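Comments concern the structure below.
What follows draws every value from the coordinates through simple rules; no lab data is involved. Keep in mind that this is a model prediction, so the values were computed, not measured. Cβ atoms come from the backbone with ideal geometry, glycine included; neighbour counts cover every protein chain shown.
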């Protein structure tokens, strides 16, 4: 039986230009799982108010994190993760795809189908389940296989927020930073979602809390730890406390040396490299902070590839 693995992440523009960012944002913000406002209300706002202006602003941010050698950090590290996993799983066909940019999920599934894959493990690269991420991926998978004559044996990973090896690696990376520098506060910053999504049953906040508690139990430190949420978009109420708001206030409480980690991301991207390490650093330092460090995501760390291998093998 031919076996395959498909890693799936959010996606990235092909280049840091408004022209390239626009179709990416159209797909992303047009997903009803991401923005669940009625289409008749939301699509005119998206097409007439957001897409004419936001791509240029986003492109300017991408330009600050774009690598001259490797281009998009998210694309580069996702490719590395897939390549490393392929070497560890020679009996599998390993590929990667994105929800909102090429290679799209449907294209990758078509390649698996053409290759004759009969047992397919799909690993969304989101440790914590949310309707906005893994739920959206499941929509794409269901659309692809709807009324198809043959559907392979599918194994879809529904998150890994409380896996011991995932938590061990996060704690190890944090502890390494704690051993090198003195800190007043540890901030565990997750990507946020609107409060209404959680009220409607999205288990994301509980999964974030499970990750935070797992990290807390593994760290050898008395430094205070706080869980926050970042990346708020639009006027709706989002999960709190907001990372940016907290960082503006901490120096006023004589908390001037902070360590930040973002466990909901397994590869560095706009949200980690720009939002956290540029924008939020600025907020903290501008308000009197002295030392600010963001723990890098797993990226191409072989230890994370080992976790992915165990997930695929059911270990």
Practice problem: Please work out, to two decimal places, the log10 of the ratio I(q)/I(0) at q = 0.20, 0.24, 0.25 Å⁻¹ from a Debye calculation in which every Cα of region 60-114 carries one identical scatterer. | Solution: -0.83, -1.00, -1.04
Quiz prompt | Gap separating the Cα centres of region 124-194 and region 1-42, nearest whole Å | solution = 17
Quiz item: Given the alpha-carbon gyration tensor of region 85-134, what are the semi-axes of its equivalent ellipsoid in whole angstrom, ordered largest first, with each equal to the square root of 5 times an eigenvalue?
Solution: 20, 15, 10
Quiz prompt | Label-to-label distance, nm, for residues given as residue 154 and residue 119 (7 Å Cα→Cβ offset) | solution = 1.8
Quiz item: Okay, helix-only estimate at 222 nm for the chain: each DSSP H run of n ≥ 4 adds -39500 (n - 2.57), divide by all residues, round to 500 deg cm²/dmol; what do you get?
Solution: -12500 deg cm²/dmol
Quiz item: Quick one: length gained pulling residue 50 to residue 64 fully straight, 0.36 nm per residue minus the C-alpha distance?
Solution: 2.9 nm
Quiz item: Taking the convex hull of the alpha carbon atoms in the chain, what volume per residue do you get, in Å³?
Solution: 144
Quiz item: So how do 28, 160 line up by other beta-carbon neighbours within 10 Å, fewest first?
Solution: 28, 160
Practice problem: Kindly provide log₁₀ I(q)/I(0) values, in the same order as q = 0.20, 0.23, 0.30 Å⁻¹, from the Debye equation applied to equal alpha-carbon scatterers of region 118-166. | Solution: -0.72, -0.87, -1.16
Quiz item: Hey, how much of the P(r) for region 1-128 falls beyond 19 Å, as a percent of Cα pairs?
Solution: 57
Quiz item: region 164-294: D in µm²/s via Stokes-Einstein (Kirkwood Rh, Cα pairs, 37 °C, 0.692 mPa s)?
Solution: 217
Practice problem: Whole Å is fine, so just give me how far the alpha carbon centre of region 238-267 lies from that of region 48-66. | Solution: 24
Exercise. Arrange 76, 229 by Cβ neighbour counts within 10 Å, fewest through most, would you?
Key: 76, 229
